[in-house]
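Every number in this text was worked out from the coordinates using simple rules, so none of it is lab data. Please read these numbers as outputs of a predicted model, since none were measured by experiment. Note that we place each Cβ from the backbone using ideal geometry, even for glycine, and neighbour counts take in every protein chain shown.
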Amino acid sequence: MSYLVLARKWRPKTFADTVGQEHVLRALVNALESGRLHHAYLFAGTRGVGKTTIARILAKALNCEAGVTAEPCGTCSACTEIDDGRFIDLIEVDAASKTKVDDTRDLLDNVQYAPARGRYKVYLIDEVHMLSKSSFNALLKTLEEPPPHVKFLLATTDPQKLPVTVLSRCLQFNLTRLTPRLIQDRLEYICKAEGIEADSSSLAMLARAADGSMRDALSLLDQAIAYCGGNVEQASVAVMLGTIDREHVSRLIELLASGDAAGIISALEEIDAQFPDYSRLLEDLARDLQKIAVCQVVGSIDDDEELSNEHIAALADSLSAADVQLFYQTALIGRRDLHLAPDPRGGVEMTLLRMLAFRPAQADESGGPVASGGTQAKAAAKRKPASAAAKPLQAKVSDSADKVAGEPRWQNPDWKSLMSEIGLSGAVRLLAGNCALLRREGKTLFLSLDPRSESMLTRQRKEALAAALSDHFSEPLLVDISMGEAAAETPMQEETRLADERIEAARESLESDPNVQALKNMFDAELKTDSIELINPTQND
């Protein structure tokens, strides 16, 4: 007996055997059990998710000799002939090769005749979107008012190309892509039934490579069995797929977190020895970054692959949320443009170096920027000594009023001047500039943030502000930032108010200027006051 490929051998024969698509199966089972059957069904979804398989099972359910049932017997002549593809009343048509209107008319000429063997004459039209406009027009009338003994089962990978007149005459079911975990579980079941030794890591790699398609997964499993000589192993499957060891991907993320450009180049040299698929490398990198982003938001992930929650959590702690988003977007763009690079490895190198080049500058302990892409040693070299950065606040007040209740008198300093003194910059300065100082309690400064600037508040910026204040006053301080209007102006509000006052003064000055008045009278001109702009918005005099 000739070998039957796994995709055909393990094609589901009943609804119960079908993997995934519960929302579709539930609707069909309920319709069959209640007898509320439509005359046309449209199954839409990507390749290999079960469109034609579900349609054939539905054809068996309609024509089983035991009666219309959600559980066809699978043993009667109708069921066995449908499984073998030789049931005379199941007419399967590949619309990709039968696009002409004459083909459609020939197909529909026999619609009026009763089924020869079964209860219903079932027309299964695959890739129905490939029919021509004339073919759709020929099909419309029959779809709208078919004989009671006819059922239409349409399948397509591109439902957007179907005319709305066809869509409105069908019950539509959208089949979803299968998850890697669902595919992996099915592969493990099949391997066990076939007596094939396969480790879970290799099957997880095959499930990811299938990209949501069970048929593709089974074809890849067939290929892996042949490539590995019977026992499916991770190392061999990785070579077959051209995938990268997951440890290499994790290592790249760790090097990105530390800003080690030289380490990245060295790691890519090791990876290059494996003859990798560099597009898949960027895909795996983006996938892990997505998991890290989720972990940073919710604290954990529903991990179904090799990377553990602990490993993801460790990587999440080593990166800021802004870095993760930047790296993820850069990986996507790099993968999209990889074919434009002189060579794949060079394209990946430039993608990873671009992540470091555009990485936001990180604040050091004094609040000053640290060059992105630098190591911790470089950041430490740029950091000012605490003794040099510290400026005791006692220098701002008199010796006689140094202490109140045993604490320095600086609960109500000039917040705007203090921002300049501690040397804030970038996003941290913007955050502080939109805050007003409320009070100090113990080691905590309470600030009020303008609600319109809520998006500026992040954990990293808040910690950088607290570190800068602590460094300035030579004592550990915490910052508590709440949303709400404060009695005092924020520095940004003060700058905006002063700028508005200067513009208004300029408008009044121009309006009263004799030369301007003469020009207006002479030429019937109009002064465009809205065009007045400050030459130096930060100058207040």
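When the Cα positions of 213, 196, 229 are compared along the charge dipole of segment 180-241, 213 comes out farthest toward the positive end, with charges on each C-beta of Lys, Arg, Asp and Glu. Could you list, in their original order, any pairs among 9/100; 416/462; 98/121; 396/462 whose Cα atoms are separated by more than 23 Å? Those over the limit are 9/100; 396/462. Using θ = phi - 60° in the Karplus curve 6.51 cos²θ - 1.76 cosθ + 1.60, the 3J(HN,Hα) couplings for segment 431-443 round to 4, 5, x, 9, 10, 10, 7, 8, 5, 10, 10, x, 9 Hz; x is entered for Gly and Pro. Computed from point charges on the beta carbon alone (+1 for Lys and Arg, -1 for Asp and Glu), the dipole magnitude for the chain about its Cα centre is near 1320 Debye.
Qualifying trypsin sites (Lys or Arg not before Pro) in segment 454-499, where qualification requires a DSSP coil assignment and no more than 13 other C-beta atoms within 10 Å, are lacking entirely.
For segment 156-301, a simple Cβ point-charge model (Lys and Arg +1, Asp and Glu -1, everything else neutral) yields a dipole of about 920 debye relative to the Cα centre.
Counting charges near residue 419 (Lys, Arg +1; Asp, Glu -1) among other residues having Cβ under 12 Å from its Cβ returns a value of -2.
Other residues lying with their Cβ under 15 Å from the Cβ of residue 230 contribute a combined charge of -4, Lys and Arg counting +1, Asp and Glu -1.
Name the shape class, rounded, prolate or oblate, that the alpha-carbon gyration tensor gives for the chain, where a ≥ b ≥ c are the square roots of its eigenvalues, rounded holds for a/c under 1.5, and otherwise prolate holds if a/b is larger than b/c and oblate otherwise. It is prolate, given that a/c is not under 1.5 and a/b is the larger ratio.
With a ≥ b ≥ c the root eigenvalues of the C-alpha gyration tensor of segment 220-298, is it rounded (a/c under 1.5), prolate (a/b larger than b/c) or oblate? In terms of gyration-tensor shape, oblate.
Reducing segment 8-76 and segment 94-126 to their Cα centroids gives an inter-centroid distance of 20 Å. Counted by Cβ distance under 13 Å from residue 322, the other residues give a net charge of +2, where Lys and Arg count +1 and Asp and Glu count -1.
List residues of segment 163-188, by number, whose backbone nitrogen lies under 20 Å from a label position 7 Å along Cα→C-beta of residue 38. Zone members listed by number: 163-177. Remark: segment 180-241 carries a charge dipole of roughly 160 debye about the Cα centre, counting +1 on each Lys and Arg Cβ and -1 on each Asp and Glu Cβ.
When the charge dipole of the chain is built from unit charges on Cβ atoms (+1 for Lys and Arg, -1 for Asp and Glu) and taken about the Cα centre, the candidate among 290, 113, 184 whose Cα reaches farthest toward its positive end is 113.
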